[in-house]
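The values are calculated or read from the model by the stated rules, or taken from the named source; none is laboratory data. None of the values given here were measured: they were computed from a predicted structure. Cβ placement follows ideal geometry from the backbone for every residue including glycine, while neighbour counts extend to all protein chains displayed. Side chains included, ligands, DNA and RNA excluded: accessible areas come from the protein's heavy atoms. Shrake-Rupley method; radii C 1.70, N 1.55, O 1.52, S 1.80 Å.
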Amino acid sequence: MSVITANTGSNSWNTNGAWVGSVQPTAADDVVIPATATVTIPTATTVLGRSLTVAASGTLAFATTTSVLTLGDATAGLANVAISIAATATITLTGVGLINLISTSATQQTITTNGKILPRVTINGAGSSYLLGDALSLNTTTGAFSLTNGTFDSASLAMSMNSFTVNNGTRTLTLGSSAITVTSGGVCWAGGTNTNMTMTATTAVVTCTAVFASANNITLGSINYNGLSFVVPNGGQMNINQNGSTINSFTFTGRNAKTDFVGLNG
């Protein structure tokens, strides 16, 4: 394993010339994008690293929705950091790509973004553990957050995204007292089954901000959410599929319209 640093100027990630030493990063390498360097992940390209640091005045760009950054191997990132983005760094989402976190290290790794908007994020590393270092903001149009395998701890910090999914792997979700804002007018929250799911006791609140129009907008699965609450402040026509799940509360504020409704399924 080693630290691989980008060359200054503008380069495509998947070219040797983008990197000091002319060697592209592998899953065993900690990647650093320094000041005055702009690195673009091209269309239909998956690139690798063990961790990512975008330093002050550095830029990482996702060219399209098929631009994928996959981070992680069996060892935690340098200083137990998965992602570190400086306050004066730039994340450019020309297309809303994907950050795929697949570490299999049980060591807790931090994600610190300094308010930068990220693309879609998935956590799918068996036995992994990730902790927010500050509030997390994903693109609110297509920036889905998904937990399939591993542990995610929000550290009670605010989160915003287009949709939130808890899939059917072996996963632990700790949301503390986080305020979570979800913008999708389709499926705001999608849950899986209780099998291999640990939900830490929580007072977190998920606010689904869309005006819904008759879809399965909150699909809870069969999970005991251990205190999680949901709020729909803008009304519309929506359905909740609960299928044996448990939440703390659900608050729906309808509009002044006869067409507004909440359907409870399961």
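Data for the structure
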quantity: Unique match (being under 30 Å from Lys258 (Cβ atoms), among the β-branched types (Val, Ile, Thr) and touching a Phe, Trp or Tyr at 6+ places or on another chain (Cβ under 7 Å)) among Val187, Val205, Val211, Val182; calculated: Val182
quantity: Conditions (1) open to solvent by 50 Å² or more (accessible area, probe 1.4 Å); (2) under 27 Å from Ala215 (Cα atoms); (3) over 13 Å from the mean Cα position of the chain (by Cα): number failed by Thr181; calculated: (3)
quantity: Search result, residues across the stretch 221-250 that are part of a strand (DSSP E or B) and under 25 Å from the mean Cα position of the chain (by Cα); calculated: Asn224, Ser229, Phe230, Val231, Val232, Met238, Asn239, Ile240, Asn241, Thr246, Ser249, Phe250
quantity: Selection count, the stretch 193-204, where residues are open to solvent by less than 50 Å² (accessible area, probe 1.4 Å) and either in contact with a strand residue (DSSP E or B) (Cβ under 7 Å, 6 or more places away or on another chain) or of a type outside the set (Ser, Thr, Tyr) (or both); calculated: 3
quantity: Check on Ser214, among the small types (Gly, Ala, Ser) and either open to solvent by less than 10 Å² (accessible area, probe 1.4 Å) or assigned to a loop (DSSP other than H, G, I, E, B) (or both); calculated: no
quantity: Residues satisfying the stated conditions in the stretch 112-134, i.e. open to solvent by 10 Å² or more (accessible area, probe 1.4 Å) and closer than 17 Å to Thr59 by Cα; calculated: Thr112, Asn114, Gly115, Lys116, Ile117
quantity: Single match in Asn216, Asn162 (criterion: modelled with pLDDT under 95 and polar (S, T, N, Q)); calculated: Asn216
quantity: Members of the stretch 77-92 found to be surrounded by 23 or more Cβ atoms within 10 Å (Cβ to Cβ) and either over 21 Å from Pro34 (Cβ atoms) or in contact with an Asp or Glu (Cβ under 9 Å, 6 or more places away or on another chain) (or both), listed by number; calculated: Gly77
quantity: Leu147 being in contact with a Lys or Arg (Cβ under 6 Å, 6 or more places away or on another chain) and either assigned to a loop (DSSP other than H, G, I, E, B) or in contact (Cβ under 8 Å) with a residue 24 or more places away in the chain (or both); calculated: yes
quantity: Selected residue [open to solvent by less than 30 Å² (accessible area, probe 1.4 Å), among the hydrophobic types (A, V, I, L, M, F, W, C) and farther than 21 Å from Ile33 by Cα] from Phe62, Phe152; calculated: Phe152
quantity: The one condition in (1) part of a strand (DSSP E or B); (2) open to solvent by less than 10 Å² (accessible area, probe 1.4 Å) that Ser103 fails to fulfil; calculated: (1)
quantity: Residue satisfying condition, being buried (at least 18 other Cβ atoms within 10 Å of the Cβ) and farther than 21 Å from Leu71 by Cα, within set Ala144, Ala190, Ala158; calculated: Ala190
quantity: Number of positions in the stretch 1-45 that are of a type in the set (Val, Ile, Thr), open to solvent by 50 Å² or more (accessible area, probe 1.4 Å) and assigned to a strand (DSSP E or B); calculated: 1
quantity: Some residue of the stretch 239-258 being within 23 Å of Gly143 (Cβ to Cβ), open to solvent by 50 Å² or more (accessible area, probe 1.4 Å) and not acidic (Asp, Glu); calculated: no
quantity: Filter result for Val232 (at pLDDT 95 or above, aliphatic (A, V, I, L, M) and open to solvent by 40 Å² or more (accessible area, probe 1.4 Å)); calculated: no
